[in-house]
Amino acid sequence: MSAPLLIGTSLKMYFGYQQTLDWCRQVADIAQRHPAVTQGHAALFIMPSFPTLAPVLEIVRDTDIRIGAQNLSDQPPGAWTGEVSAAMLAEMGCRCVEIGHAERRRHFHEDEALIAAKTALAMAQGLSPVLCVGEVDEGDPGLAASECIRQIDSVLADTPQPRGADLIVAYEPHWAIGASQPASSEHISTVCLKLQAHLDAHGGGRVIYGGSAGPGLLSRLEGSVQGMFLGRFVHDARAFEQILDEVMTLQAASHQ
Ligand SMILES: O=C(CO)COP(=O)(O)O
């Protein structure tokens with residue numbers, strides 16, 4: 001059987017505390033009964049805000065949903081007021097962590113050296129980095145892929161290989177985040193296939209797409225991505241279910 005499609009989301013800073021827990025209960029319920037998940041065709045991950053990590057880990061305890069943080073410190077534990085270490089995230093049961101999102105690069109001036117340090121610490125603690133890469137402005141997909149490969153190589157230069165499935169690269173063109181619709185399917189497929197070929201040749205990893213993704217997109221991408229990184233368009237948890245329905249349809253089609 002092929003590897004499960006990765007279907008994940010970051011809740012960013014949209015939801016309140018109780019709202020996050022309620023939404024996670026809904027998704028956990030979907031995960032426990034949807035055949036895409038129970039038959040191993042989809043693997044889910046959720047990245048809620050820091051204060052909700054502990055109760056969310058408890059909510060998903062009887063599921064295979066992976067929980068991750070949206071950020072971590074670039075430093076080992078110590079005198080870093082307000083920061084959260086990779087070690088603590090791993091200890092509490094997180095299995096992945098988001099690194100280098102466009103919003104953190106833009107608003108918090110995160111550069112590649114910082115993103116590389118966070119990635120190395122996450123990997124050392126056994127957390128799967130969800131490493132976000134993407135071009136700033138809309139343009140040629142070949143150039144976009146080259147820019148993303150440059151970002152990947154810069155960040156991963158000093159991390160050990162093979163990385164296998166532990167590395168998730170989220171291709172998120174900055175211009176398609178928070179937009180009314182995702183990048184074109186042709187653009188996404190061209191870039192993601194190039195990134196996947198690059199990872200396959202350099203230590204492994206899996207490429208997923210994010211940026212105004214929602215129901216319907218996975219089907220249009222015809223197998224050119226290993227999953228999706230979702231935002232606003234799964235704030236209604238029923239959209240998660242629709243996307244898992246698509247996973248089942250794709251799975252059935254691949255056996256015809
Ligand atoms: O940045 C994203 C996921 O991390 C995408 O967010 P939106 O789907 O809301 O544009």
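Worth a mention:
- Any hit, segment 173-191, residues being within 20 Å of residue 66 (Cβ to Cβ) and in contact (Cβ under 8 Å) with a residue 24 or more places away in the chain: no
- Residue match in segment 176-186 (condition: touching a Gly at 6+ places or on another chain (Cβ under 8 Å), within 9 Å of the ligand (Cβ to nearest atom) and β-branched (Val, Ile, Thr)): yes
- All positions within segment 226-239 that are within 14 Å of the ligand (Cβ to nearest atom) and among the hydrophobic types (A, V, I, L, M, F, W, C): 228, 229, 230, 233, 234, 239
- Of the numbered criteria (1) modelled with pLDDT of 95 or more; (2) more than 30 Å from residue 238 (Cβ to Cβ), the one residue 127 fails is (2).
- Test result for residue 215, in contact with a Ser or Thr (Cβ under 7 Å, 6 or more places away or on another chain) and either at pLDDT 95 or above or under 18 Å from residue 8 (Cβ atoms) (or both): no
- Some residue of segment 196-205 being within 16 Å of the ligand (Cβ to nearest atom), surrounded by fewer than 24 Cβ atoms within 10 Å (Cβ to Cβ), within 19 Å of the chain's Cα centre (by Cα) and of a type in the set (Gly, Ala, Ser): no
- Considering the conditions (1) closer than 25 Å to residue 5 by Cα; (2) acidic (Asp, Glu); (3) over 18 Å from the mean Cα position of the chain (by Cα), residue 140 is excluded by exactly one of them, (1).
- Taken over segment 1-45, the criterion of being closer than 17 Å to residue 218 by Cβ, of a type in the set (A, V, I, L, M) and under 13 Å from the mean Cα position of the chain (by Cα) is satisfied by 5, 6, 7, 43, 44.
- When the criteria are applied in full, residue 204 fails the requirement of being closer than 28 Å to residue 150 by Cα and modelled with pLDDT of 95 or more.
- All positions within segment 151-167 that are of a type in the set (Asp, Glu) and in contact with a Ser or Thr (Cβ under 8 Å, 6 or more places away or on another chain): 166
- Qualifying residues in segment 88-140 (those that are loosely packed, with under 14 Cβ neighbours inside 10 Å and touching a helix residue (DSSP H, G or I) at 6+ places or on another chain (Cβ under 7 Å)) - the one farthest from residue 57 (Cα to Cα): 137
- Filtered residues of segment 134-150 (kept if touching a residue at least 40 places away in the same chain (Cβ under 8 Å) and among the hydrophobic types (A, V, I, L, M, F, W, C)): 144, 145, 148, 149
- Scanning segment 219-235 for residues that are buried (at least 24 other Cβ atoms within 10 Å of the Cβ) and within 19 Å of residue 190 (Cα to Cα) yields 225, 227, 228, 229.
- The test for being more than 13 Å from the ligand (Cβ to nearest atom) and at pLDDT 95 or above holds for residue 220.
- Every residue from segment 1-54 that is within 15 Å of the ligand (Cβ to nearest atom) and among the polar types (S, T, N, Q): 9, 10, 49
The values are calculated or read from the model by the stated rules, or taken from the named source; none is laboratory data. This is a predicted model, so every value here is computed, not measured. Don't worry about glycine lacking a Cβ; one is built from the backbone with ideal geometry, like all the others, and counts go over all protein chains shown.
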